[in-house]
Amino acid sequence: MTLAGLAIAREAISATRLTDLVTAEAAARGVAHGAVALFLGAVRAENLGRRVTHLEYEAYEPLAVKSFELIASEAAEKWPGVVLAIYHRLGRLEIGEISVGIAALSAHRAEAFAASRYAIERVKQIAPIWKREAFEGGEIWIEGATADPRDEGARLEAFRRACA
């Protein structure tokens, strides 16, 4: 798998920017493609029956990017030729803002969809990113990554979900 962009930052990312990253990388490498699958995760207004006011994300940034690299290398074993971009926001995000973006480019849609789904499942499992959810009446930290990156069972579960 070719890496088009792996980043964690405070700046917003758009679907257009993610698409541009993977198509530019594909062009630079001469990779033919027929599909780009995008996943954009947004801050939702309700969680567990509570009205959410905003989220705040924190991360151990160097390790988060390394986890993105690991995710890409794992996906490369399953879907060779896919070009992948993973981007996660930090800081305060309001309702509706994009917190995470993933783009996967491939020759065919099935591989693009599967690689994108796999990437978000693994981000949730292993990336050291934490969120504080503020809601009417309080706030709580939502548990972040809980799987050891070397846990083969967690990895297989992400593959199962990606290919379901």
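Values in this text are rule-based calculations from the coordinates and carry no lab data. It should be emphasised that the depicted structure is a prediction, and the values quoted were computed from it without experimental measurement. All Cβ positions, glycine included, derive from the backbone under ideal geometry; neighbour counts span all protein chains shown.
Key figures for this structure:
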quantity: Sequence ranges 41-51, 63-73, ranked by mean other-Cβ count within 10 angstrom, highest first; calculated: 63-73, 41-51
quantity: Cβ-based exposure ranking for His108, His33, His88, in which fewest neighbours within 10 Å come first; calculated: His108, His33, His88
quantity: Residues Asp20, Asp148 arranged by fewest to most Cβ contacts within 10 Å; calculated: Asp148, Asp20
quantity: Cα radius of gyration and Dmax for segment 2-162 (Å); calculated: 15.7, 53
quantity: Residues Val83, Val100 arranged by fewest to most Cβ contacts within 10 Å; calculated: Val100, Val83
quantity: Normalised contact order of the chain, rounded percent, pairs of Cα under 8 Å and 6 or more residues apart; calculated: 30 percent
quantity: Debye log10 I(q)/I(0) at q = 0.20 Å⁻¹ for segment 1-56, Cα point scatterers; calculated: -0.83
